[in-house]
Amino acid sequence: MRPLEFGRLAWRAIRSHRLRSALTTLGIVIGIAAVIAFVTLGASLQAGLVGDISPDDQRNLYGWAADPDTEGGPLAGAQPVFSQDDLDAVSERDGVDAAYGYMPISTQALVYEGELSPQSDGLVAAGPPYIRPDTLEEGRQFEMGEREAVINPAVAGQFEENVSVGDELTIALQGGQQTTVTVVGITDTSEGLSPFEGFEPSPRVYVPTDPYYTEEVESATAGLGGENASENGSSAGGGTGVGEDALFLAIVVQAESADDADVDRARESALGYLESDDSDASELLGDELAVTMQTSTELLQQLQDVLDLLQSFIVGIAAISLVVGSIGIANIMLVSVTERTREIGIMKAVGAQNRDVLGLFLTEAVVLGVIGAILGTALGLLVGYAGTWYIDIPLVYPYGYVALAIAVGVLVGVLSGLYPAWRAARTDPIDALRYE
Amino acid sequence: MATGTAVSLQNVRKTYQLGEPVHALDGVTLEIPRGTYTAIMGPSGSGKSTLMNLVGCLDTPTDGTVVVGGEDVTTLDDRERTTLRGTTVGFVFQTFNLMPRLSALENVALPQLFQGVGRSTRRDRARELLERVGLGDRTDHMPNELSGGQRQRVALARALVNDPTIVLADEPSGNLDTDTEADVLDLFDEFYDAGTTMLVVTHERHVAERAERIVHLLDGRIERVEELDDAGRDSDVAQGQRDGVDGTGAASGADR
């Protein structure tokens, strides 16, 4: 007997119990849909994140000082410990191409052509290499020591009139001071340029640490002891005097190339200095803090690990739903075999072999499983699509998982149908024909 | 018309172990030549069903040999017996036993499905048989859309679809009213006349009298074999050629 004939007869049997078949497959539908939906979301999220690492970024090492036990992503629990002297010393080290500080600066608003746009934290102070050439849509990097800024498209489009290269922008800082910058470049994306900023799009203005950050520290310390000073004080312990200088929350070290060996050399070199007694940072690190220094890829990997863990967890729960679903199929198949004992007897009387009967019931279970898998996949993709649309990330179809889902449907059908089908196959035709 | 032996039972015993041994058949020797029409009668528990199951290759004897269509059933394994059953035996049951979800045509075609016959060939053959039993216009009806008589005709068509060596009918008119019964039995006669070997189990005398001989079973043994002449059979079908039947393969009670 041919597979197609099995399929035809199985489909007939399934269709004759529409409601029952639909309810039976529901467990599989829900299980597969859950897996597919979460895998789609996970894959899309991953693509959204990993897609943001440009090859030029691969040679950058992002470092910050925090309690080694602190959990979380980049800058979690970071304390400002890096002085300008440290940065200068690190950039002179072997294998290091450049090193600069990173410091987010709190702001109140951005003003352009008299138009004011409230902005609480959109100012990032860093070194010129932070604006990688491949991220510039137009213009150039800012220069250290100049009152220049690079803005992202979100800032450029924020005002009635688009801000363009050469325009002046006034920034109202947290402390109330105002400072004016000349826009020298516009980036091609409103997403963060490094893991420090996060990846969600938001308006950002990039400025050189000198003069913007150093000035702010000076004014803050000159004022009422300012927030930075008190922050420093808490972490500095006995390190008096260091608070006078601008301390950076984070350090970006640029290796000579994106080569793994070069990156590792730069990392060792920079860490070696920062942890040695020669550095200002070592004084502030004390016993509680340690410097973490990682590439974007490594940092994302942590996020990825968390994401993967979460995904395995959810897929695990969905797998349980699949197990429950297959028990449902097995149960209904057993009922079906009992119900159709007489039919089995008839088929055997007219020449059906045991394997024909086995194949028939197994096909029925597999068809149920596959229908469940197909419907579940469709539903899952729909939910995944809605999810990615809702949180606004690019949709990535996990094609591998779609194939896997169908395979799981077949497997579930076979596993749950095997015992009922075997029972059907070994039914004694004499008893079956007498069965009422 | 085919000649030779369709079914041969030699000293057949069937014993069931139900606490104590029950001899359903206790030494039965019976020969059914091809092209003959035999009826088996007997009260409940006389071994009719067991005999049917053995001839229908659904069961194997505890002792003795059963030869169906030239094959010794006792030497076959389950799979070979199933194949033999599918190709040489056609069943007609009291309760029709049609597949409820298959149309008349599909029911008739079912046995060929298990023999690996192609779909279009199957359907052509099934249609031809349905026309022969007078249901050419009911091919796509489901069993529950057919009357009892029509269902039994479908069952008869199904029994004949593989050109069986023998058609086994177990109380074929037990669920039919008198008129329909006559129609169906007339159809049996028709196929018998065309050369089909018939074995009918019944407890009704007027059904058994359609056959050319009646085997009476009692307590698992053949009590007597009644040969009917043309006059004994109903007068509706003229019997010309009944050669090779009398005497030669006559059943006899063993153990006597």
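Quick look at the values:
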item	result
Percent RCO, i.e. relative contact order, over segment B:120-165, from Cα pairs under 8 Å lying at least 6 residues apart	45
Largest to smallest accessible area among A:Trp11, A:Trp389 [probe 1.4 Å]	A:Trp389, A:Trp11
Karplus (6.51, -1.76, 1.60) ³J(HN,Hα), θ = phi - 60°, over segment B:176-187, in Hz, Gly and Pro reported as x	10, 7, 4, 5, 5, 4, 4, 4, 5, 5, 4, 5
MRE, 222 nm, helices only [DSSP H, n ≥ 4, -39500 (n - 2.57), over chain A, to nearest 500]	-17500 deg cm²/dmol
Buried on assembly, segment B:48-77 (at least 50 Å² less accessible surface than by itself, 1.4 Å probe)	B:Leu58
Average accessible area per residue (Å²) across segment B:5-253 - probe 1.4 Å, nucleic acids and ligands excluded	39
Calculated SAXS-style log₁₀ I(q)/I(0) at q = 0.05, 0.07, 0.11 Å⁻¹ - the protein assembly as shown, Debye, Cα scatterers	-0.50, -0.64, -1.07
Computed accessible area, B:Arg123, all protein chains, 1.4 angstrom probe, square angstrom	60
Carbon plus sulfur fraction of accessible area for segment A:80-288, probe 1.4 Å, in percent	42
Percent RCO, i.e. relative contact order, over segment A:80-288, from Cα pairs under 8 Å lying at least 6 residues apart	29
Cα centroid separation - segment B:1-66 against segment A:84-113, whole Å	102
Signed unit charges on C-beta, dipole axis of chain A, positive-most listed residue A:Pro80, A:Leu334, A:Gly122	A:Leu334
Top positive-direction residue, dipole computed over segment B:1-67 with Cβ charges, set B:Leu25, B:Met41, B:Val12	B:Met41
For chain A: accessible area per residue (Å², 1.4 Å)	45
Distance (nanometres) between label positions extended 7 Å along Cα→Cβ at B:Gln17 and A:Asp88	10.3
Sequence-separation-based contact order of segment B:5-253, relative, with Cα cut under 8 Å and 6+ spacing, percent	28
Within segment A:80-288: Cβ-based charge dipole about Cα centre, in debye rounded to nearest 20 (Lys, Arg +1; Asp, Glu -1)	500
Inter-centroid distance (Cα atoms) of segment B:100-152 relative to segment A:320-367, Å	24
List of segment A:1-42 residues, accessible area with partners at least 40 Å² below that of the chain alone (1.4 Å probe)	A:Met1, A:Arg2, A:Glu5, A:Arg8, A:Leu9, A:Arg12
Protein heavy-atom accessible area occluded, B/A pair - total, 1.4 Å probe, Å²	2500
Whole-percent carbon and sulfur share, accessible surface of segment B:60-169, 1.4 Å	40
Value of [θ]222 nm, deg cm²/dmol, for chain B, DSSP H segments ≥ 4, -39500 (n - 2.57) each, nearest 500	-9000 deg cm²/dmol
Separation of alpha-carbon centers, segment B:174-204 and segment A:178-208, rounded to whole Å	96
Amide proton proximity set for B:Val167, modelled H, under 5 Å, gap of 5+	B:Gly90, B:Thr197, B:Met198, B:Leu199
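The values are calculated or read from the model by the stated rules, or taken from the named source; none is laboratory data. These numbers were taken from a predicted model, which means no experiment stands behind them. Virtual Cβ from ideal backbone geometry, glycine too; neighbours counted across all protein chains shown. These area figures cover heavy atoms from the full protein model, side chains too; ligands, DNA and RNA do not enter into them. Shrake-Rupley method; radii C 1.70, N 1.55, O 1.52, S 1.80 Å.
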